[in-house]
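S.K.: I'd like to ask you about the structure that follows.
The values are calculated or read from the model by the stated rules, or taken from the named source; none is laboratory data. Just so you know, these numbers come straight off a predicted model, no measurement behind them. Note that each Cβ is placed from the backbone with ideal geometry, even for glycine, and that neighbours are counted across all protein chains shown. Each accessible area value is taken on the protein alone, full model and side chains, heavy atoms only, with ligands, DNA and RNA left out. Shrake-Rupley method; radii C 1.70, N 1.55, O 1.52, S 1.80 Å.
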Amino acid sequence: FSGRSAMIELSQISKIYQVGGQEVRALDEASLSISQGEFVSIVGPSGSGKTTMMNIIGCLDVADSGQYILDGLSIDQYSDRQLARIRNNKIGFVFQGFNLLSRLTAEANVELPLIYQRMSMGERKERVAEALHRVELYDRRKHKPLELSGGQQPRVAIARALVTNPSLLLADEPTGNLDSRTGAEIIELFRQLHRSGNTILLITHNPDVAKIADRMVHIFDGKVYEEEPA
């Protein structure tokens, strides 16, 4: 990846929580660099700090110490409103539970981030159609989540993450609630998205899922290792 600019630079990031009067270091001076166009997985057991790291990278939370540089600018320099804009424009989120609104069709679920951007209806319709075609779900666009199969629901969530044309796709345990066959289909979809140019960060506890990435980063007790810790 020489010649590619670093999109994400985490340097000595720490995050500390107080739990029952005790200090818990969710992240302990963790450092990580991700280049534009990379496909990186972060793998670790439950409680290792994976979700905390995802929340910080996704600008859903801020570190207690250390520096986070996104696209060349320190996150410290952004206001809350600017961070919200980054979350909506630069980062596409795929959460484990998919967070689809059951009363809305697949099409309407995918459209939501564009409504927050106050995009014109004509452009919204074009973007939504393009995103649903990318996940091979356009023909199911009028169906609500409960009318979709277990393999189609995550595709709607991925289309919603893609619809803003984000520079980074963040996926938190995207196969965690799926059977093995459906999980394999979603993994293949992420591979296709990466081949088409998306930068992807995949968070998982499953080493077999993590192996699909170009690069696997391990996290254990809040510390980051490029190789599996001994």
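S.K.: If you check Tyr68 against the conditions, is it at pLDDT 90 or above and of a type in the set (Phe, Trp, Tyr)? Write out each step before concluding.
M.R.: Working: at pLDDT 90 or above: yes; of a type in the set (Phe, Trp, Tyr): yes.
So Tyr68 passes the test.
S.K.: Next question, about the same structure. What are the pairs, 6+ residues apart or on separate chains, where a residue within the stretch 29-58 that is without any contact (Cβ under 8 Å) to a residue 24 or more places away in the chain has its Cβ under 6 Å from a residue that is surrounded by fewer than 19 Cβ atoms within 10 Å (Cβ to Cβ)?
M.R.: Short answer, once both residue conditions are applied: Asn55/Asp61.
S.K.: State whether the residues of the stretch 8-25 include one that is open to solvent by less than 10 Å² (accessible area, probe 1.4 Å) and farther than 30 Å from Leu114 by Cβ.
M.R.: yes
S.K.: From the list Leu193, Leu178, which one is more than 26 Å from Ala6 (Cβ to Cβ), surrounded by 14 or more Cβ atoms within 10 Å (Cβ to Cβ) and modelled with pLDDT under 90? Give the derivation first.
M.R.: On the way: Leu193 fails: more than 26 Å from Ala6 (Cβ to Cβ).
Testing whether each residue is more than 26 Å from Ala6 (Cβ to Cβ), surrounded by 14 or more Cβ atoms within 10 Å (Cβ to Cβ) and modelled with pLDDT under 90 leaves just Leu178.
S.K.: While we're here: State the number of residues belonging to the stretch 41-56 that are of a type in the set (Val, Ile, Thr), closer than 16 Å to His218 by Cα and in a helix (DSSP H, G or I).
M.R.: 2
S.K.: Within the stretch 90-119, work out how many residues are in contact with a helix residue (DSSP H, G or I) (Cβ under 9 Å, 6 or more places away or on another chain) and more than 30 Å from Asp179 (Cβ to Cβ).
M.R.: 5
S.K.: Something else: Determine which single condition Val62 fails, assuming it passes every other condition in (1) over 30 Å from Leu189 (Cα atoms); (2) open to solvent by 40 Å² or more (accessible area, probe 1.4 Å); (3) in a loop (DSSP other than H, G, I, E, B); (4) touching a residue at least 24 places away in the same chain (Cβ under 8 Å).
M.R.: Every listed condition holds for Val62 apart from (4).
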